[in-house]
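The values are calculated or read from the model by the stated rules, or taken from the named source; none is laboratory data. Remember, it's a predicted structure, so these values are computed and weren't measured experimentally. Don't worry about glycine lacking a Cβ; one is built from the backbone with ideal geometry, like all the others, and counts go over all protein chains shown.
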């Protein structure tokens with residue numbers, strides 16, 4: 001998902017099948033209200049809020065069934081001032097606990113399961129990129145690959161890269177399997 005900025009991160013989390021439907025329209029903002037402060041719901045059912053050291057939390061479910069969050073966390077002098085204030089450290093810990101509990105409930109997965117899902121996704125991305133490299137290398141070395149097969153392989157590689165750019169590692173992986181079979185046949 002999208003780029004890092006100073007003090008800001010955006011991340012995508014896999015969501016347990018059926019959870020979004022179970023939560024329902026507007027359910028994510030209701031869930032956010034349970035864990036965060038100063039919540040503002042948006043038209044898509046997501047929200048923007050804050051909590052302690054988390055000066056901005058924005059969350060939505062995307063069309064692919066993932067939880068997409070953007071978080072701005074205090075840094076530098078602001079963070080030092082917050083932590084130095086009476087009860088600041090406890091409030092910071094409460095912010096992190098609220099964040100973790102929100103993710104547990106909004107994704108349906110525990111921290112370990114979320115980590116496992118992220119690793120699985122990273123493996124799919126790596127295998128898809130590797131399949132493109134291997135197909136290129138195979139076609140470069142082989143004189144038996146027809147012009148038609150090369151053209152089909154090139155189209156598949158473009159499609160795989162597009163799926164990777166979209167963040168759809170599962171589809172990229174299935175297309176890369178198809179690419180591998182195509183060039184090796």
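Some points to look at:
- Residue 81 meets each of the listed conditions (1) more than 30 Å from residue 13 (Cα to Cα); (2) not in a helix (DSSP H, G or I) apart from (2).
- Scope segment 35-54; condition without any contact (Cβ under 8 Å) to a residue 12 or more places away in the chain and either part of a helix (DSSP H, G or I) or more than 20 Å from the chain's Cα centre (by Cα) (or both); matching residues: 39, 40, 43
- Verdict on residue 63 being surrounded by fewer than 17 Cβ atoms within 10 Å (Cβ to Cβ), in contact with a helix residue (DSSP H, G or I) (Cβ under 6 Å, 6 or more places away or on another chain), at pLDDT below 90 and not assigned by TED's automatic domain parsing to the domain that holds residue 170: no
For every residue, the table says whether it meets (1) closer than 13 Å to residue 36 by Cα; (2) free of Cβ contacts under 8 Å to residues at least 24 places away in the same chain; (3) out of contact with any helix residue (DSSP H, G or I) (no Cβ under 9 Å at 6 or more places or on another chain); (4) surrounded by fewer than 15 Cβ atoms within 10 Å (Cβ to Cβ).
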| position | (1), (2), (3), (4) |
| --- | --- |
| 67 | no, no, no, no |
| 75 | no, no, yes, yes |
| 81 | no, yes, no, yes |
| 84 | no, yes, yes, yes |
| 88 | no, yes, no, no |
| 92 | yes, no, no, no |
| 95 | yes, no, yes, no |
| 100 | yes, yes, no, yes |
| 103 | yes, no, no, no |
